[in-house]
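The values are calculated or read from the model by the stated rules, or taken from the named source; none is laboratory data. Only a predicted model underlies this, so the values are computations on that prediction, with no experimental measurement involved. Cβ: placed from backbone, ideal geometry, glycine included. Neighbour counts: every protein chain shown. These accessible areas exclude ligands, DNA and RNA; they are computed on the full protein's heavy atoms, side chains included. Shrake-Rupley method; radii C 1.70, N 1.55, O 1.52, S 1.80 Å.
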Amino acid sequence: IVLERNMQLHPRHFGRNLRENLVSKLMKDVEGTCSGQHGFVVAITGIENIGKGMIRDGTGFVSFPMKYQCVVFRPFKGEILEAVVTMVNKMGFFAEAGPVQIFVSNHLIP
């Protein structure tokens, strides 16, 4: 999907590698996060647009609007997932499917 985010960058990162610094900060801040609307952001696949920076009043930081493409993982109720069982106890078992940890109760297993 395509998402947008305003990235704030310190003036010490300005220069020839401004774009690379913005992209690396975006990857560090966004990859691995979760939002209720979109799900888990697995990876950023491309940068569509980096807008003009706006200087923040009172600080030297500059805010850049960025539009980027990313791969997201959002499981739905009733969806069948392939998962790896990580722990079994008398109450049920825990499994992991990507970044999601799943618990299945013994009462739900026929």
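In the set E79, E20, E4, only one residue is open to solvent by 50 Å² or more (accessible area, probe 1.4 Å), assigned to a strand (DSSP E or B) and either charged (D, E, K, R) or more than 26 Å from E96 (Cα to Cα) (or both); that residue is E4.
Every residue in the stretch 28-44 that is surrounded by fewer than 16 Cβ atoms within 10 Å (Cβ to Cβ) and aliphatic (A, V, I, L, M), please. Hits for the stretch 28-44 are V42, A43.
Determine, yes or no, whether G51 is over 30 Å from E96 (Cα atoms), open to solvent by less than 40 Å² (accessible area, probe 1.4 Å) and not acidic (D, E). Before you say what the answer is, go through the steps one by one.
Working: over 30 Å from E96 (Cα atoms): yes; open to solvent by less than 40 Å² (accessible area, probe 1.4 Å): yes; not acidic (D, E): yes.
For G51, the condition - over 30 Å from E96 (Cα atoms), open to solvent by less than 40 Å² (accessible area, probe 1.4 Å) and not acidic (D, E) - is met.
Taking residues in the stretch 17-31 that are more than 12 Å from N6 (Cβ to Cβ), and partners anywhere that are part of a helix (DSSP H, G or I), the pairs with Cβ atoms closer than 7 Å and at least 6 places apart or on different chains are N21/H13.
Applying the selection to the stretch 82-101, what residues are among the hydrophobic types (A, V, I, L, M, F, W, C) and loosely packed, with under 14 Cβ neighbours inside 10 Å? Can you show your working first?
Within the stretch 82-101, the subset among the hydrophobic types (A, V, I, L, M, F, W, C) is 83-85, 87-88, 91, 93-95, 97, 100.
V84, V85, M87, V88, M91 - these are the residues of the stretch 82-101 that are among the hydrophobic types (A, V, I, L, M, F, W, C) and loosely packed, with under 14 Cβ neighbours inside 10 Å.
In the stretch 88-109, the residues that are under 17 Å from V42 (Cβ atoms) form Cβ pairs under 8 Å with partners that are surrounded by fewer than 11 Cβ atoms within 10 Å (Cβ to Cβ), at six or more places apart or across chains, as follows: E96/V84; A97/E82; A97/V84. Scanning the stretch 55-76 for residues being open to solvent by less than 80 Å² (accessible area, probe 1.4 Å) and in contact (Cβ under 8 Å) with a residue 24 or more places away in the chain gives a total of 15. Scanning the stretch 53-65 for residues that are over 12 Å from L3 (Cα atoms) and touching a strand residue (DSSP E or B) at 6+ places or on another chain (Cβ under 8 Å) yields G53, M54, I55, R56, F61, V62, S63, F64.
Filtered by the rule that a residue be closer than 10 Å to R74 by Cα and of a type in the set (V, I, T), the stretch 19-41 gives a lone residue, V41.
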